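Beneath this line is the structure, given in structure tokens, with notes to follow.
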């Protein structure tokens with residue numbers, strides 16, 4: 001897009017309208033990038049790939065009569081396209097009108113009508129408070145009629161992730177997103193956009209490049225211009241910032257000692273959640289585990305030792321065994337804390353990870369304490385049925 005924008009600015013055509021479409025899950029990240037690069041054209045969001053795009057970028061040239069004339073136009077060919085006189089068609093393209101889409105009934109529902117309703121809820125938010133559940137229900141309706149349709153599976157993943165980001169923050173919703181995206185890609189391994197969505201949250205070994213390493217630079221340069229940067233409503237994960245690399249998978253971390261006597265938290269103060277990306281692991285293939293620590297009836301005590309997590313496994317190699325979360329500057333806080341590690345499943349059809357978390361928290365009564373919580377993660381494994 002930077003090359004295109006520079007070309008358009010250089011030519012400064014008065015008879016050219018520009019519209020961008022981005023397949024980004026989080027619209028505010030596109031808005032931040034647009035602000036950073038100072039793009040002056042509108043950009044629409046197509047998080048569910050409603051347009052059916054399999055690769056990007058694609059530049060499409062449309063004439064003044066609404067007819068697609070070029071689907072492979074390049075910046076160097078823009079001037080020629082602008083200079084071309086296209087003939088007015090005998091049957092001009094119809095003028096699009098806004099049509100209210102009504103939720104299909106059980107009798108009239110089809111794959112197309114269910115997907116159309118789900119897309120409307122996802123992209124246009126006709127019912128803000130329930131749009132996530134409405135979209136999920138609509139896509140499930142479509143999936144019942146076409147269970148192996150990758151486009152529907154991908155849409156379901158997007159709907160669950162949007163619900164996770166904007167409403168629930170429940171590990172089950174992120175799990176569902178990861179699993180549906182993985183099933184979608186299994187149905188069409190060459191679908192570039194579906195693959196990128198998994199790689200966004202997935203292992204470093206399979207990343208083509210860092211997805212969002214530009215964010216800090218963008219915010220800094222926008223602020224230096226005296227502007228207020230677009231606020232990101234969804235925190236970036238470590239995997240979204242990481243570049244391609246090969247973890248050692250033989251960490252030399254030292255296990256915390258003398259922790260057996262630490263009083264146990266059974267989940268009354270902090271709950272531990274996890275999601276695996278891709279949604280189903282395979283022997284010899286890397287995957288990323290997202291750990292989330294969620295305060296319940298407690299606050300983090302940031303004036304003591306930081307949150308520490310120890311993990312181990314007999315069925316997988318781990319990129320790290322000792323994970324830590326740096327304390328914020330405030331004396332206490334209630335944020336969800338995320339930690340990540342990569343793994344390689346050994347030659348087995350079952351995989352589990354055991355570990356414990358050590359943390360300082362203060363209860364609602366103001367009493368602060370040091371607690372240990374043990375946990376076990378059953379890594380979902382790919383099977384013939386899981387890929388369907």
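Read the figures in this text as sums done on the coordinates, not as results from a lab. These figures come from a predicted structure and were not determined experimentally. Please note: Cβ atoms are built from the backbone with ideal geometry, for glycine as well, and neighbour counts cover all protein chains shown.
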>> Between residue 14 and residue 383, what is 0.36 nm times their sequence separation minus the Cα-Cα distance? Round to one decimal in nm.
In response: 127.2 nm
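Report the extension gain between residue 124 and residue 166 in nm, rounded to one decimal, defined as 0.36 nm multiplied by the number of residues separating them, less their alpha carbon distance. Don't skip to the end; give the middle numbers.
Details: separation 42, 0.36 × 42 = 15.12 nm, distance 1.48 nm.
Extending this stretch completely gives an extra 13.6 nm.
Test of understanding: ordering 145, 88 by Cβ neighbours within 10 Å, fewest first, what list do you get?
Values: 145 13, 88 9.
Taking fewest neighbouring Cβ atoms as first place, the list is 88, 145.
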> Over the Cα atoms of the stretch 318-388, how large are the radius of gyration and the largest Cα-Cα distance (Dmax), in Å?
Replying inline: 17.1, 51
> Relative to the first principal axis of the alpha-carbon coordinates of the chain, what is the inclination of helix 2-11, with its axis defined by its Cα atoms, in degrees from 0 to 90 and to the nearest 10?
Replying inline: 30 degrees
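Using only DSSP helix segments of four residues or longer, with each worth -39500 (n - 2.57), what per-residue ellipticity at 222 nm results for the chain after dividing by its residue count and rounding to 500?
Values: 10 runs with 111 residues, N = 388.
After summing the helix terms and dividing by the residues of the chain, the value is -8500 deg cm²/dmol.
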> Under a plain spin-label model, where a point goes 7 Å from the Cα along Cα-to-Cβ, how far apart in nm are residue 314 and residue 72?
Replying inline: 5.8 nm
> If one computes the Cα centroid of the stretch 347-371 and of the stretch 236-252, what distance in Å separates the two points?
Replying inline: 22 Å
>> From zero outward in steps of 10 Å, how is the percent of C-alpha pairs of the stretch 106-234 spread across the bins?
In response: 12, 34, 32, 17, 5, 1
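Using the Cα atoms of the stretch 2-83 to build a convex hull, what is its mean projected area in square nanometres? Mind dumping the intermediate values first?
Details: hull surface 23.1 nm².
Orientation-averaged projected area of the Cα hull: 5.8 nm².
How do the peptides 152-160, 20-28, 225-233 rank, highest first, by the average count of neighbouring beta carbon atoms within 10 Å per residue? All intermediate terms of the calculation are to be shown ahead of the outcome.
On the way: 152-160: 26.4, 20-28: 17.7, 225-233: 11.9.
In descending order of packing, they fall as 152-160, 20-28, 225-233.
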> Mind checking which of 214, 36, 181 has the largest fluctuation in a GNM of the chain, springs on alpha carbons under 10 Å?
Replying inline: 214
> Starting at 0 and stepping by 10 Å, how many percent of the alpha carbon pairs of the chain end up in each bin?
Replying inline: 4, 18, 26, 25, 16, 7, 3, 1, 0
> Between 237, 84, 30, which gets the highest mean-square fluctuation from a Gaussian network model of the chain, Cα cutoff 10 Å?
Replying inline: 84
> Which residue, 198, 353, 62, has the most motion in a Gaussian network model of the chain that connects Cα atoms within less than 10 Å?
Replying inline: 62
> Given 0.36 nm per residue, what is the gain on full extension from residue 364 to residue 133 after removing their alpha carbon distance, in nm?
Replying inline: 79.9 nm
>> Which residues does the label zone of residue 227 cover in the stretch 28-55, counting backbone N under 18 Å from a point 7 Å along Cα→Cβ?
In response: 28-44
